[in-house]
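A.B. asks: Sharing a structure with you now.
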Amino acid sequence: MGKLTLRYFIEGIGRIDLQLRLLTGEGGLDREIKSGEINRPGLALAGFFDYFAYERIQIFGKGEAAFMTQLSYENKIKVYDEFFSYPVFCCIFTYDFKPDNLFLEYAEKRNIPVFISKRGTTRFITLFVHVIDEIFAESVTLHATLVDVFGVGVLLTGKSGIGKSETALELIERGHRLVGDDMVIVKKIDESLLMGAGSEILKHHIEIRGIGIINVREIFGIRSVRNRKRIEMVILLEEWDSSTEYDRLGLDEKKYTILDIDVPYITVPVRPGRNIPIIIETAALNQRLKKVGINSARELDERIKKWIITEGGK
Amino acid sequence: MIEKDVVVNSDAGIHARPAMMIVREAMKYPCEITLIKDNIEADGKSIMSVLGLAIISGSKLTIRASGEGETELVSYILNLIENDFKI
């Protein structure tokens with residue numbers, strides 16, 4: 001994502017239309033939006049300028065509009081003089097309220113864009129924050145395959161040629177859904193939420209050595225794909241190496257870090273005769289069990305410990 | 001590790017066949033190979049990954065390799081791109 005400027009909002013790109021119209025201040029449209037934080041300038045208009053967050057996007061709702069309307073001409077000059085002495089980022093008026101000409105003149109002189117929107121304030125802010133958050137979400141592109149297995153977003157990683165796509169294909173055959181193959185764009189939507197999506201251009205295509213590129217949606221139908229999925233576990237496929245010690249208990253939980261978020265992580269060794277898709281299905285179900293508070297390995301361990309104590313005491 | 005920058009000039013960009021030419025060669029080498037465009041990294045041994053970069057004429061690419069055969073592989077791919085895949 002390149003620089004995000006205010007121009008983006010009047011060009012009306014994106015999924016949500018904020019219904020913004022520009023009243024004045026075109027010269028300021030190329031300013032970069034660095035954060036999606038907003039400010040309600042009520043206190044500033046009333047003359048209290050301490051902590052005035054002028055660098056944020058100023059949202060004027062019904063309250064601010066009513067306050068401005070009742071100001072006398074002299075008071076307006078006083079307030080606007082001080083308000084516009086700060087390098088205000090931009091002003092947005094909701095409920096289609098058109099500010100007075102004096103306000104617009106001040107804004108125009110200083111190249112501060114003033115927008116107006118038909119939407120109500122709360123609705124506008126909700127949508128705006130949503131749009132901005134998605135744009136600003138940290139993101140990374142991973143060479144991996146993302147499949148929804150029993151509702152668990154499983155990210156398959158491993159060297160090329162290890163069989164990620166073939167594994168995905170068999171999972172799809174078994175009724176699971178493909179999100180993206182070989183290229184997954186991961187966005188950090190929230191401090192604990194990683195959302196994965198396939199690349200727009202590759203959308204639901206998969207390459208299988210020997211067949212070539214296939215369109216999963218066309219072959220297996222709409223139920224075999226989905227557009228995005230929360231990433232809930234990472235499975236690394238690797239060649240069976242007899243010198244490596246694989247997890248035999250599952251008591252210790254390993255984490256894989258993507259964009260500073262820890263995701264449960266397991267390594268599955270691949271060798272002829274091992275049915276990888278079934279192992280992945282089981283891993284996904286086990287992950288779901290853990291989420292509802294049941295840890296098979298730990299519970300068995302505790303049962304054994306208890307048995308040792310009681311039996312040992314006999 | 002070796003890293004080289006190159007601009008793709010072939011009119012059609014890197015579509016399926018050119019991508020295959022890169023991947024096919026890359027598979028012959030044990031080293032890891034990454035193509036980078038606009039900070040997006042693609043595995044040079046995966047067709048889908050390379051296609052996903054959506055490389056068009058004029059795209060700036062960085063080719064990074066590390067491991068056995070890195071120098072030969074990078075120079076092969078550079079040569080391929082510079083000659084518009086007409087090898």
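A.B. asks: By how many degrees, 0 to 90 and rounded to 10, does the Cα axis of helix A:164-173 deviate from the longest principal axis of chain A?
C.D. replies: Long axis of A:164-173 versus the principal axis of chain A: about 90 degrees.
A.B. asks: Using the structure shown, select from A:Lys203/B:Lys28; A:Lys159/A:Lys187; B:Lys28/B:Lys86 the pairs with a Cα to Cα distance greater than 26 angstrom. Walk me through the intermediate numbers first.
C.D. replies: Numbers: A:Lys203/B:Lys28 28 Å; A:Lys159/A:Lys187 22 Å; B:Lys28/B:Lys86 20 Å.
Result: A:Lys203/B:Lys28 exceed 26 Å.
A.B. asks: For A:Glu138, list long-range residues whose amide hydrogen, built 1.01 Å from N in the peptide plane, is under 5 Å from its own amide hydrogen.
C.D. replies: Amide H to amide H, under 5 Å and 5 or more residues apart or across chains, A:Glu138 pairs with A:Lys188.
A.B. asks: Which residue, A:Leu300, A:Leu45, A:Leu23, has the most motion in a Gaussian network model of chain A that connects Cα atoms within less than 10 Å?
C.D. replies: Maximum fluctuation in the GNM of chain A, among the listed residues, is at A:Leu300.
A.B. asks: By the gyration tensor of its Cα atoms, with a ≥ b ≥ c the square roots of the eigenvalues, what is the shape of the stretch A:161-260: rounded for a/c under 1.5, prolate for a/b over b/c, or oblate?
C.D. replies: Values: a/c = 2.10, a/b = 1.25, b/c = 1.69.
The shape class here is oblate.
A.B. asks: In addition: What is the set of long-range amide H partners of A:Arg230 at a cut-off below 5 Å, with H atoms built 1.01 Å from backbone N?
C.D. replies: Long-range HN contacts for A:Arg230: A:Gly196.
A.B. asks: Taking each residue in A:202-214, count the Cβ atoms of any other chain within 10 Å of its Cβ, then average. What number comes out?
C.D. replies: 2
A.B. asks: Also: Based on other C-beta atoms within 10 Å, arrange A:Lys109, A:Lys229, B:Lys86 from fewest to most. It would help to have the intermediate numbers written out before the result.
C.D. replies: Values: A:Lys109 11, A:Lys229 25, B:Lys86 6.
Ranking A:Lys109, A:Lys229, B:Lys86 by Cβ neighbours within 10 Å, fewest first, gives B:Lys86, A:Lys109, A:Lys229.
A.B. asks: Ok, one more. So what are the ³J(HN,Hα) numbers for the stretch A:133-150, from phi and the Karplus equation (6.51, -1.76, 1.60; θ = phi - 60°), rounded to whole Hz, Gly and Pro as x?
C.D. replies: Ordered by residue, 3J(HN,Hα) equals 4, 5, 5, 7, 4, 4, 9, 8, 9, 10, 8, 7, 10, 10, 10, 8, 10, 6 Hz.
A.B. asks: Quick check for you: which residues of the stretch A:74-93 have the amide N under 20 Å from the point 7 Å beyond the Cα of B:Asn39 toward its beta carbon?
C.D. replies: none
A.B. asks: Hey, what number do you get for chain B at 222 nm if only DSSP H runs of n ≥ 4 count, each worth -39500 (n - 2.57), divided across all residues, to the nearest 500?
C.D. replies: Details: 3 runs with 30 residues, N = 87.
Only helices count here, giving -10000 deg cm²/dmol.
A.B. asks: Quick check: Cα centre of the stretch A:125-188 to Cα centre of the stretch A:239-289, how many Å?
C.D. replies: Cα centres, the stretch A:125-188 to the stretch A:239-289: 17 Å.
A.B. asks: Averaging over all projection directions, find the projected area of the Cα convex hull of the stretch B:2-82 and quote it in nm² with one decimal place.
C.D. replies: Over all viewing directions, the stretch B:2-82 projects a mean Cα-hull area of 4.2 nm².
A.B. asks: Quick check: the angle from helix A:276-291's long axis to the longest principal axis of chain A, C-alpha only, nearest 10 degrees?
C.D. replies: It is inclined by approximately 60 degrees.
A.B. asks: Over chain A, with a Gaussian network built from C-alpha contacts below 10 Å, which listed residue (A:Arg110, A:Arg298, A:Arg119) shows the highest mean-square fluctuation?
C.D. replies: A:Arg298
A.B. asks: Right, something else. For the stretch B:2-82, with only Lys/Arg (+1) and Asp/Glu (-1) charged at the beta-carbon, what is the dipole magnitude about the Cα centre, in debye rounded to 20? Present the calculation step by step, with values, prior to reporting the outcome.
C.D. replies: Working: 8 positive and 12 negative charges, 48 e Å.
The calculation lands at about 240 debye.
A.B. asks: Based on Cβ point charges of +1 for Lys and Arg and -1 for Asp and Glu, what charge dipole magnitude is obtained for the stretch A:76-230 about its Cα centre, in debye rounded to the nearest 20?
C.D. replies: Details: 22 positive and 20 negative charges, 60 e Å.
Once rounded to the nearest 20, the dipole reads 280 debye.
A.B. asks: Continuing with the same structure: Once the mean 1/r over all distinct Cα pairs of the protein assembly as shown is inverted, what Kirkwood radius in angstroms do you read off?
C.D. replies: On the way: mean 1/r = 0.0397 Å⁻¹.
About 25.2 Å, per the Kirkwood formula over Cα pairs.
A.B. asks: Test of understanding: in a Gaussian network model of chain A with alpha carbons linked when under 10 Å, which of A:Ser85, A:Ser242, A:Ser139 would top the mean-square fluctuation ranking?
C.D. replies: For chain A, modelled as a Gaussian network with Cα springs under 10 Å, the answer is A:Ser242.
A.B. asks: Any chance you could count the Lys pairs in the stretch A:1-150 whose alpha carbons are under 16 Å apart, treating pairs 8 or more apart or on different chains as valid? Could you put the intermediate results ahead of the total?
C.D. replies: Details: A:Lys3/A:Lys34; A:Lys62/A:Lys98; A:Lys62/A:Lys118; A:Lys76/A:Lys98; A:Lys98/A:Lys118.
Count of close lysine pairs: 5.
A.B. asks: With the Cα gyration tensor of the stretch A:56-101 giving a ≥ b ≥ c as the square roots of its eigenvalues, does the rule (a/c under 1.5 for rounded; else a/b larger than b/c for prolate; else oblate) give rounded, prolate or oblate? It would help to have the intermediate numbers written out before the result.
C.D. replies: Numbers: a/c = 2.22, a/b = 1.06, b/c = 2.10.
Oblate, since a/c reaches 1.5 and b/c is not below a/b.
A.B. asks: Could you list A:Ile278, B:Ile81 in order of exposure, starting from the residue whose Cβ has the fewest other Cβ atoms within 10 Å? Could the numbers behind the result be given before it?
C.D. replies: Values: A:Ile278 12, B:Ile81 24.
The most exposed by this proxy come first: A:Ile278, B:Ile81.
A.B. asks: For the protein assembly as shown, what is the charge dipole size about the Cα centre, in debye to the nearest 20, if Lys and Arg each add +1 at the Cβ and Asp and Glu each add -1 at the Cβ?
C.D. replies: Numbers: 53 positive and 58 negative charges, 249 e Å.
Taking the Cα centre of the protein assembly as shown as origin, the dipole is about 1200 debye.
A.B. asks: Which value at 222 nm does chain A reach when only helices count, each DSSP H run of 4 or more adding -39,500 (n - 2.57), with the total divided by all residues and rounded to the nearest 500 deg cm²/dmol? Present the calculation step by step, with values, prior to reporting the outcome.
C.D. replies: On the way: 10 runs with 102 residues, N = 314.
Theoretical 222 nm ellipticity from helices: -9500 deg cm²/dmol.
A.B. asks: What are the equivalent ellipsoid semi-axes of the stretch A:47-193, built from the alpha-carbon gyration tensor (square roots of five times its eigenvalues), in whole angstrom, biggest first?
C.D. replies: Working: eigenvalues 544, 48, 26 Å².
Working from the Cα gyration tensor, I get semi-axes of 52, 15, 11 Å.
A.B. asks: With axes computed from alpha carbons, what is the tilt in degrees of helix B:16-26 against the longest principal axis of chain B, rounded to the nearest 10 within 0 to 90?
C.D. replies: 10
A.B. asks: Is the stretch B:1-40 best put as rounded, prolate or oblate by its Cα gyration tensor, with a ≥ b ≥ c the root eigenvalues, rounded for a/c under 1.5, and otherwise prolate when a/b is larger than b/c, oblate when not? Please report the intermediate quantities before stating the final value.
C.D. replies: Working: a/c = 2.17, a/b = 1.18, b/c = 1.83.
Oblate shape, in that a/c is at least 1.5 and b/c is the bigger or equal ratio.
A.B. asks: Among the aspartates and glutamates, which have Cα under 14 Å from the Cα of A:Lys188 when same-chain residues fewer than 8 positions away are ignored?
C.D. replies: A:Asp133, A:Glu134, A:Glu138, A:Glu232, A:Asp260, A:Asp262
Any read-out appearing in this document is the output of simple, stated calculations on the displayed coordinates, not a laboratory observation. If you're wondering where the values come from, they're calculated on a predicted model, not measured in any experiment. Neighbour counts are summed over all protein chains in view; Cβ atoms, including those assigned to glycine, are modelled from backbone coordinates with ideal geometry.
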